[in-house]
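Shown next, in structure tokens, is the structure this report addresses.
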Amino acid sequence: MNKYRDLIFTSLLVISFLCLSASCSLNYAQEADDEDSYPELLFNNVKLIRYDDGKKAAEITASAIEKYKTTDTSYAKDVTFKTLNKNGNIDNSGKCKYLSADSKQQEYTLLNDIEIENKEEKLKITAKSLHWNGKSEQLTGGAEDIVTIQRDDLRMEGIGFSANGVDKSFLFKGKIDGIIEN
């Protein structure tokens, strides 16, 4: 479970970095109404790189990032990320089609084609929808959305996914299916 928490934490740290560094967003749910209907800032084909002690530590790309005047939420499209260890090797990588991030409230929603992978642990999470609450360290999937967890010897998928970063546990509240190989 510790490895699973590290994967979630690292992935969301990278997403937080995106939001804090760019302070931008893609808001598809907003109605066309005065200045709130148009982004204040729009960035296309964005590549952000974070360095720690002079070495590349993370890289994030997005096809578009938008920021609106009246909200703290940022929106990104076609997001990919990777984190690197001190030797320059990829630790974690991931992607999602859409990202909504409220860095002030520490609320992050990932939508469509979500993949998060930890190279060292050979652990992969896929889903259509995930939500991270940074304050409570809770990662949840939609009540009826399928979340899949894969590792060399394990493949588990189910609905009602919830993971707790504090006690390093996860559960499925609904139907689950899986394969464990020896």
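The values are calculated or read from the model by the stated rules, or taken from the named source; none is laboratory data. What you are looking at is a predicted structure, and each value in this text was computed from that prediction instead of being measured. Backbone-built Cβ (ideal geometry, glycine too); neighbour counts: all protein chains shown. When the accessible area is computed, the model is the full protein with side chains, heavy atoms only, and any ligands, DNA or RNA have been set aside. Shrake-Rupley method; radii C 1.70, N 1.55, O 1.52, S 1.80 Å.
Table for the structure above
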{"item": "Failed condition for Gly88, given (1) farther than 21 Å from Glu66 by Cα; (2) assigned to a strand (DSSP E or B)", "result": "(2)"}
{"item": "Only one of Thr148, Thr109 that is open to solvent by 30 Å² or more (accessible area, probe 1.4 Å), in contact with a strand residue (DSSP E or B) (Cβ under 7 Å, 6 or more places away or on another chain) and either part of a strand (DSSP E or B) or not β-branched (Val, Ile, Thr) (or both)", "result": "Thr109"}
{"item": "Positions within the stretch 85-94 being modelled with pLDDT of 90 or more, over 9 Å from the mean Cα position of the chain (by Cα) and open to solvent by less than 30 Å² (accessible area, probe 1.4 Å), in sequence order", "result": "Ser93"}
{"item": "One residue from Thr126, Thr61 being in contact with a Phe, Trp or Tyr (Cβ under 9 Å, 6 or more places away or on another chain) and modelled with pLDDT of 90 or more", "result": "Thr61"}
{"item": "Boolean, Lys97 is within 27 Å of Asn44 (Cβ to Cβ), surrounded by fewer than 19 Cβ atoms within 10 Å (Cβ to Cβ), at pLDDT 95 or above and of a type outside the set (Val, Ile, Thr)", "result": "yes"}
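Residue by residue, here is whether (1) among the acidic types (Asp, Glu); (2) crowded, with 18+ Cβ neighbours inside 10 Å; (3) assigned to a strand (DSSP E or B) holds:
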residue: Glu115; (1), (2), (3): yes, no, yes
residue: Lys124; (1), (2), (3): no, yes, yes
residue: Ala127; (1), (2), (3): no, yes, yes
residue: His131; (1), (2), (3): no, no, yes
residue: Ala143; (1), (2), (3): no, no, no
residue: Gly158; (1), (2), (3): no, yes, yes
residue: Ala163; (1), (2), (3): no, yes, yes
residue: Phe170; (1), (2), (3): no, yes, yes
